[in-house]
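Novice: Just passing along the structure, written as structure tokens.
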Amino acid sequence: MSLIHSPNMTSTIAGFRKQTWISIVICGLLLATYVATRDRYQQAGQEPLILATVSTDEISEIEVKGAQNIDFKKVDSQWRVVQEGKTLPSDSGGIEEALSNLLSLNPGRLISRRTEKHADYEVDKEKGRHITLKNGTQVVRDIILGSRSKSGGTYIRMQGSDKVYVAEGQLGNVFSKSANEYRQKKLNIDFGEIYSIKASSFELSQSGESLDMKPFGQTQAIQLDDDKIRTFIDNLKNVRAKTFVQKSDIEATKKLSDIKLVNKDNKERTLKFYQQGDKYFALVEPFAYDYGFELAKHEMEKVNKFYHDFEDLHLIKNKEATRIEISGNAQPLVLEKSESGWNISDTTKIPAGYDLDLSRAVNLAKDILNLEATKNNWDVNKYGQVIEKIRLTIGDEVVKFGALIQDDDELNDHRIAVVESRGKMYAIPSYKMGIVTKPFDRLKKVAPPPQGMGGMQGLQGLPPELQQQLMKAMQQQGM
């Protein structure tokens with residue numbers, strides 16, 4: 001019998017062929033699995049992207065292309081927004097912050113080398129935010145920011161490369177806003193300290209801590225509140241616009257008033273205010289640009305002030321008082337000040353059911369001494385004789401509180417207050433009266449929040465007043 005035709009040899013060859021085919025199939029499966037999952041192998045941190053260290057001082061120009069196309073240029077160490085060929089003042093702080101975040105990013109791990117995956121990660125030409133950083137004409141960094149990853153990072157790709165990485169942190173807001181959002185909206189940028197102010201009804205000058213305000217015309221002199229004046233000056237320094245409006249469009253609206261400012265270098269600036277319906281506008285002169293500003297109503301109210309707006313409306317002038325007495329139709333209380341601070345007098349009868357925290361007496365006394373009205377000396381005869389409901393006695397100052405005013409368009413839900421020593425009548429908002437009508441409620445012990453409530457997050461859902469009381473208790477206990 002021939003060896004070649006041996007049944008055993010035939011069986012051996014068939015087995016070898018079978019094993020060979022099985023090996024080929026297994027290798028093919030392994031190769032297919034690798035190709036299909038190679039992105040996951042690359043997630044292990046292979047091929048890290050090394051970026052040279054660059055400081056913000058080395059960047060002189062920023063180009064952003066994508067949903068928003070913006071150019072920034074540094075002029076005299078200050079960033080400017082380039083818009084329609086014009087170099088406009090910008091909020092340099094916001095640009096520096098975004099630039100710093102971009103330069104300090106950690107590229108993280110490699111995700112993909114495949115061009116067809118760029119659209120999925122939004123690092124393609126259509127969806128990506130392409131940011132080019134330059135130092136003069138030299139490109140320092142050319143990067144494309146994509147979508148947010150599931151791990152909380154941001155997909156990135158360097159221009160000219162197919163490789164996609166996950167950068168640590170969220171870069172979704174880096175240079176993502178419109179050009180107007182980066183422009184300077186402060187009206188008094190680069191003006192310095194204000195030395196004098198001339199408005200429609202008063203003139204104000206300041207030198208260090210000294211303030212001097214004089215009314216124009218026959219306006220009766222009033223006692224001024226220095227805190228209100230300083231707040232007004234600060235508001236003028238920092239008044240911000242909502243957006244930008246062409247100068248010619250603003251000049252077509254109704255003129256309200258002017259405020260002329262002079263700084264310590266004797267440089268002058270005039271703010272001109274306008275109104276059209278419920279919109280408010282401002283022009284700055286001198287100004288190197290042909291646009292003005294639209295102001296929100298609350299910003300306009302901060303700076304559109306008249307002489308009497310600065311009147312001191314505090315009921316109590318004696319801030320050094322050592323005794324406070326509340327009597328009448330209220331919880332009777334006497335507070336006395338000693339070297340150790342404010343305390344409840346021994347003569348005070350504490351109502352039943354009150355567990356007091358005497359350390360809170362100092363805050364109660366402070367609030368009483370700082371009671372402030374919203375208005376004074378209106379038509380006294382309109383309300384006739386004030387029937388005293390509550391009496392507040394502080395040294396030689398006596399305040400009589402009358403009934404609540406109802407159904408009055410201007411003073412609804414206020415309480416009349418008469419300061420006898422000055423012969424003046426005031427209107428106090430009813431929400432401020434709790435410290436006089438129910439002073440012991442302000443002295444109650446406040447239980448700390450249960451353990452594990454998680455600070456302020458655990459107070460959500462509670463009434464606002466209770467939240468404030470609990471937060472104070474937590475602060476006092478160092479929680």
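Novice: Assuming R0 = 30 Å, what is the FRET efficiency of R230 and S176, from their Cβ-Cβ distance, to the nearest 0.05?
Specialist: 0.20
Novice: Can you list residues whose amide H is under 5 Å from L49's amide H, if they're 5+ apart or on another chain and H is modeled 1.01 Å from N?
Specialist: Answer set, sorted by chain and number: none.
Novice: Taking θ = phi - 60°, what integer Hz values does the Karplus form 6.51 cos²θ - 1.76 cosθ + 1.60 yield along region 431-438, in sequence order, with x for Gly and Pro?
Specialist: 5, 8, 7, x, 5, 9, 6, 9
Novice: With a cut-off of at most 11 other beta carbons within 10 Å, and DSSP calling the residue loop, which GluC sites (Glu not before Pro) in region 308-341 qualify? Please list them.
Specialist: Answer by residue number: E320, E339.
Novice: Then there's this: Could you check the simple spin-label distance between K150 and D120, using points 7 Å along Cα→Cβ, in nm with one decimal?
Specialist: 1.1
Novice: How do W79, W342 rank when sorted from fewest to most other Cβ atoms within 10 Å of their own Cβ?
Specialist: Going from least to most buried by this count: W342, W79.
Novice: What ranking of E61, E97, E193 emerges when the number of other C-beta atoms within 10 Å of each C-beta is taken as an exposure proxy, fewest first?
Specialist: Sorted ascending by nearby Cβ count, the order is E193, E97, E61.
Novice: Could you line up Y165, Y155, Y195 from fewest to most neighbouring Cβ atoms inside 10 Å?
Specialist: Y195, Y155, Y165
Novice: Just to check I understand the Karplus step: with θ = phi - 60° and J = 6.51 cos²θ - 1.76 cosθ + 1.60, what whole-Hz values come out for region 235-249, glycine and proline as x?
Specialist: 5, 5, 5, 10, 4, 10, 8, 7, 7, 10, 9, 4, 4, 5, 5
Novice: Roughly how many nanometres apart are two label points built 7 Å out from the Cα toward the Cβ at N238 and K375?
Specialist: 3.0
Novice: Sort region 46-90 into rounded, prolate or oblate with this rule: let a ≥ b ≥ c be the square roots of the eigenvalues of the Cα gyration tensor; rounded if a/c is under 1.5, and if a/c is not under 1.5, prolate when a/b is larger than b/c, oblate otherwise.
Specialist: Since a/c reaches 1.5 but b/c is at least a/b, the shape of region 46-90 is classed as oblate.
Novice: Could you pull out every residue, at least 5 positions away or on a different chain, whose amide H is within less than 5 Å of the one on I111? Hs are placed 1.01 Å off N in the peptide plane, and Pro or chain starts have none.
Specialist: Residues meeting the amide H criterion: V164, Y165, V166.
Novice: Near K445, which lysines are there with a Cα under 24 Å away, not counting those fewer than 8 places off in the same chain?
Specialist: K445 reaches K337, K349, K366, K432, K472.
Novice: Using R₀ = 41 Å, calculate the FRET efficiency as 1/(1 + (r/R₀)^6) where r is the Cβ-Cβ separation of Q246 and E209; round to 0.05.
Specialist: The pair Q246/E209 has a calculated efficiency of 0.50.
Novice: If you don't mind, another one. Over 28 Å between C-alpha atoms is what I'm after, so list which of K214/K242; K177/K237; K177/K297; K65/K302; K73/K254 land there. Walk me through the numbers before you get to the answer.
Specialist: Working: K214/K242 32 Å; K177/K237 25 Å; K177/K297 24 Å; K65/K302 38 Å; K73/K254 37 Å.
Going by Cα-Cα distance, K214/K242; K65/K302; K73/K254 fall outside the 28 Å limit.
Novice: Would you mind checking which residues have amide H under 5 Å from N106's amide H? H placed 1.01 Å from N; only 5 or more apart, or other chain.
Specialist: For N106, the qualifying residues are E168.
FYI, it's all coordinate maths here, none of it is from the lab. A quick note: this is a predicted structure, and the numbers were derived from the prediction, not measured. Cβ sites come from the backbone with ideal geometry, for glycine too, and all protein chains shown count toward neighbours.
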